[in-house]
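Reviewing the structure listed below.
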Amino acid sequence: MERAFTPLDCLLPAGDLKFCLLILNQPFNKGLFHCLWSKAALRACADGGANHLYYFTEGSQDSFLPDYISGDFDSIQPEVKEYYKVKGCELIETMDQDLTDFTKCLQILQKKIEKKGLQIDVIVALGGLGGRFDQTMASVETLFHATNITPFPVIVIQECSLIYLLQPGKHKLHVDTGLEGAWCGLIPIGNSCESVTTTGLRWNLTNQVLKFGTLVSTSNTYDNSGIVTIETDKPLLWTMAIKKTR
């Protein structure tokens with residue numbers, strides 16, 4: 001079955017996708033934050049993500065209270081933790097050091113979605129693609145964990161980039177929202193892909209092997225059809241540019 005998805009629908013003021021928002025421990029820009037926060041069905045912070053939320057909304061923190069904050073709390077500042085505690089935000093300590101705060105926050109989120117009976121289409125993580133390279137790779141690894149945690153697609157957005165892990169099979173991505181930047185790519189991370197076929201790209205693939213040391217599709221772009229189709233035999237990371245917002 002072909003999976004149809006519009007990756008940037010969540011950033012459209014009149015977008016149709018219903019989603020939950022996870023704020024990670026990295027800076028984010030004003031335009032992305034306000035659009036996502038205002039539309040999210042449930043909002044959470046992973047540990048130090050609460051610091052960014054707190055200082056980003058300085059002067060109006062009361063209007064931006066997350067539903068919960070989770071993590072081992074080695075990153076959240078004491079005054080930030082105390083503020084949200086006093087305001088009645090749920091604080092959930094997760095001490096497992098084998099999983100990242102992002103992964104653990106996602107586990108909690110899925111339980112809350114089920115408990116509340118939320119009808120959503122996607123989970124959006126804000127942050128996670130800038131700063132330290134090891135933390136960026138940890139965000140990618142969480143997308144692999146996510147397939148065993150939640151049935152919903154998980155996307156990670158920061159500044160001008162988005163990543164989304166495609167599962168084996170056929171995918172139809174709508175890239176005609178007007179928010180798409182010029183570049184896109186397909187990264188065979190975690191495994192090689194023995195057969196990848198695409199349409200809608202300037203440089204399409206036909207039963208191509210994607211593998212580090214052989215071929216990785218970076219700095220690709222679109223053919224202006226507004227739709228990209230991808231068929232892959234293994235998990236494959238889709239990445240795309242987002243037009244800069246103020």
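The values are calculated or read from the model by the stated rules, or taken from the named source; none is laboratory data. It should be emphasised that the depicted structure is a prediction, and the values quoted were computed from it without experimental measurement. Note that each Cβ is placed from the backbone with ideal geometry, even for glycine, and that neighbours are counted across all protein chains shown. Just so you know, the surface numbers come from the protein's heavy atoms only, side chains and all, with ligands and any DNA or RNA stripped out. Shrake-Rupley method; radii C 1.70, N 1.55, O 1.52, S 1.80 Å.
Just the residues that are closer than 13 Å to Gly49 by Cβ and either open to solvent by 50 Å² or more (accessible area, probe 1.4 Å) or at pLDDT 95 or above (or both), please, taken from region 75-90.
In the first step, residues of region 75-90 are kept if they are closer than 13 Å to Gly49 by Cβ; the result is 75-77, 80-81, 84, 89.
Ile76, Gln77, Val80, Lys81, Tyr84, Cys89, listed by residue number.
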Next item on the list: Just name the residue that is least open to solvent (accessible area, probe 1.4 Å) out of those in region 1-14 that are in contact (Cβ under 8 Å) with a residue 40 or more places away in the chain, of a type outside the set (A, V, I, L, M) and in a loop (DSSP other than H, G, I, E, B).
Entry: Pro7
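Which of the helices (runs of 4 or more DSSP H) contained wholly in region 26-129 include at least 2 residues that are under 23 Å from Glu141 (Cβ atoms) and without any contact (Cβ under 8 Å) to a residue 40 or more places away in the chain? Step through it out loud before you land on a result.
Details: elements: 30-39, 49-56, 78-86, 101-116.
Of the helices (runs of 4 or more DSSP H) lying wholly inside region 26-129, those with at least 2 residues that are under 23 Å from Glu141 (Cβ atoms) and without any contact (Cβ under 8 Å) to a residue 40 or more places away in the chain span 49-56.
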Check: In region 173-194, what count of residues is obtained for those that are open to solvent by less than 40 Å² (accessible area, probe 1.4 Å) and modelled with pLDDT of 95 or more?
Finding: 12
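Restricting region 102-158 to residues that are aromatic (Phe, Trp, Tyr) and under 22 Å from Leu8 (Cα atoms), which is surrounded by the most Cβ atoms within 10 Å (Cβ to Cβ)?
The initial filter retains those residues of region 102-158 that are aromatic (Phe, Trp, Tyr), namely 102, 133, 144, 152.
Next, from what is left, pick out any that are under 22 Å from Leu8 (Cα atoms): 102, 144, 152.
Numbers: Phe102: 28, Phe144: 15, Phe152: 18.
So, considering only residues that are aromatic (Phe, Trp, Tyr) and under 22 Å from Leu8 (Cα atoms), the one surrounded by the most Cβ atoms within 10 Å (Cβ to Cβ) is Phe102.
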Next item on the list: Please find, among Gly127, Gly131, the residue that is touching a helix residue (DSSP H, G or I) at 6+ places or on another chain (Cβ under 7 Å), modelled with pLDDT under 95 and not β-branched (Val, Ile, Thr).
Entry: Gly127
Check: Take the residues of region 26-74 that are charged (D, E, K, R) and open to solvent by less than 60 Å² (accessible area, probe 1.4 Å): which is nearest to Ile242 (Cα to Cα)?
Finding: Lys39
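Tell me, which residue of region 197-243 that is part of a loop (DSSP other than H, G, I, E, B), in contact (Cβ under 8 Å) with a residue 40 or more places away in the chain and in contact with an Asp or Glu (Cβ under 8 Å, 6 or more places away or on another chain) is least open to solvent (accessible area, probe 1.4 Å)?
In the first step, residues of region 197-243 are kept if they are part of a loop (DSSP other than H, G, I, E, B); the result is 200, 202-207, 212-214, 216, 221, 223-226, 233-235, 243.
Filter once more, keeping what is in contact (Cβ under 8 Å) with a residue 40 or more places away in the chain: 226, 233-235, 243.
Filter once more, keeping what is in contact with an Asp or Glu (Cβ under 8 Å, 6 or more places away or on another chain): 226, 233-234, 243.
Numbers: Gly226: 14, Asp233: 58, Lys234: 78, Lys243: 111 Å².
Within region 197-243, the match that is least open to solvent (accessible area, probe 1.4 Å) is Gly226.
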